[in-house]
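Enquirer: Quick one: the structure is below, and I'll ask about it shortly.
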Amino acid sequence: MEEKDISRAVIKRLPRYYRYLGELMDDGVERISSNELSGRMKVTASQIRQDLNNFGGFGQQGYGYNVKYLHSEIAKILGLDKSHNMIILGAGNLGQALANYTQFEKQGFKLIGIFDINPVLKGVSVRGIEIRMVDELPDFIKKHQVEIATLTLPKSKAVEMAKVLVDNGVKAIWNFAHTDLNLSVPSDVIVENVHLSESLMRLSYNLSRYEKDHKKES
């Protein structure tokens, strides 16, 4: 089955499978059934089997899933079996926090550059990487084969910087700016918009619903 036929819901669950399988490997678990994995994923065993069948299944009746093998196969599906050069635009608190998160590199995302527009930050080192100014961006992208750019810029600068990235050949943008960039870039550029406030709002909604349900019970 081609990737385009696979639903976004399935693709959104793949990183969770990868993470939980990694935890199982750390615990020394060699194989697991869909029923056992269901307990961790909070997804039905049937749904797990359906999800994995989109990519070939990987399971064996009466045995379940080989944890190490399934983990490596999902890594290939997610493109984690190779290294991706990544840069960060915006060296404020969020940008520096992301730069300091070493887990990304363990998953194949290699941070090779950090950029900002504030001259005060020029030359400041974050985890051994010196902050550069955005006017150096075009040459840097061409020299270092940047695949992914992370935007932690104000909304007013995000569209402008996205255009610079696209014009210089970057094909994937991880966007933390408070604006959706999908309509601002060509269709062949992949954008993942991350809205932290929306996640917090969903948490607030679930908390409110929980409180209302418990008031009814009391």
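The values are calculated or read from the model by the stated rules, or taken from the named source; none is laboratory data. Values in this document were obtained by computation on a predicted structure and should not be read as measured data. Backbone-built Cβ (ideal geometry, glycine too); neighbour counts: all protein chains shown. Protein only, heavy atoms only, side chains kept; ligands, DNA and RNA dropped before computing areas. Shrake-Rupley method; radii C 1.70, N 1.55, O 1.52, S 1.80 Å.
Enquirer: Of everything in segment 125-157 that's outside any strand (DSSP E or B) and open to solvent by less than 60 Å² (accessible area, probe 1.4 Å), which residue is nearest to residue 176 (Cα to Cα)?
Expert: Only one residue fits best here, namely 152.
Enquirer: Additional query: Would you check if residue 164 is touching a Pro at 6+ places or on another chain (Cβ under 8 Å), part of a helix (DSSP H, G or I) and in contact (Cβ under 8 Å) with a residue 24 or more places away in the chain?
Expert: So residue 164 fits the description; yes.
Enquirer: Which residue is surrounded by the fewest Cβ atoms within 10 Å (Cβ to Cβ), if the candidates are limited to segment 46-71 and must be over 19 Å from residue 8 (Cα atoms), without any contact (Cβ under 8 Å) to a residue 40 or more places away in the chain and in contact with a helix residue (DSSP H, G or I) (Cβ under 9 Å, 6 or more places away or on another chain)?
Expert: Checking each candidate, the answer is 58.
Enquirer: Give the residues of segment 55-101 that are at pLDDT 90 or above, among the polar types (S, T, N, Q) and under 21 Å from residue 32 (Cα atoms), sorted by residue number.
Expert: 66, 72
Enquirer: Then there is this: Identify, by number, the condition in (1) closer than 22 Å to residue 83 by Cα; (2) among the basic types (Lys, Arg); (3) touching a His at 6+ places or on another chain (Cβ under 8 Å) that residue 155 doesn't meet.
Expert: Here residue 155 clears every test but (1).
Enquirer: Which numbered condition trips up residue 115, out of (1) hydrophobic (A, V, I, L, M, F, W, C); (2) under 21 Å from the mean Cα position of the chain (by Cα); (3) in a helix (DSSP H, G or I)?
Expert: Condition (3) is where residue 115 drops out.
Enquirer: Inside segment 1-45, can you point out the residues that are assigned to a strand (DSSP E or B), hydrophobic (A, V, I, L, M, F, W, C) and open to solvent by 70 Å² or more (accessible area, probe 1.4 Å)?
Expert: none
Enquirer: In the set 81, 116, which member is open to solvent by 80 Å² or more (accessible area, probe 1.4 Å) and out of contact with any Asp or Glu (no Cβ under 6 Å at 6 or more places or on another chain)?
Expert: 81
Enquirer: Related question: Any idea how many residues of segment 102-117 are at pLDDT below 95 and either of a type in the set (Phe, Trp, Tyr) or over 23 Å from residue 81 (Cβ atoms) (or both)?
Expert: Here the count works out to 2.
Enquirer: Which condition from (1) free of Cβ contacts under 8 Å to residues at least 24 places away in the same chain; (2) out of contact with any Leu (no Cβ under 8 Å at 6 or more places or on another chain); (3) on the phi > 0 side of the Ramachandran plot is the one that residue 79 breaks?
Expert: It fails just one condition, (1).
Enquirer: Quick one: count up the residues across segment 162-218 that are hydroxyl-bearing (Ser, Thr, Tyr) and at positive phi.
Expert: Matching residues across segment 162-218 total 0.
Enquirer: Something else now. Which of the residues belonging to segment 85-103 are of a type in the set (A, V, I, L, M, F, W, C), part of a helix (DSSP H, G or I) and closer than 23 Å to residue 142 by Cβ?
Expert: 99
Enquirer: Select from segment 167-218 the residues that are among the hydrophobic types (A, V, I, L, M, F, W, C) and part of a helix (DSSP H, G or I) and write down the one among them that is farthest from residue 95 (Cα to Cα).
Expert: Here the answer is 207.
Enquirer: Sticking with this structure for a sec: Within segment 174-184, is there a residue that is over 19 Å from the mean Cα position of the chain (by Cα) and surrounded by 16 or more Cβ atoms within 10 Å (Cβ to Cβ)?
Expert: For segment 174-184, residues over 19 Å from the mean Cα position of the chain (by Cα) and surrounded by 16 or more Cβ atoms within 10 Å (Cβ to Cβ): present.
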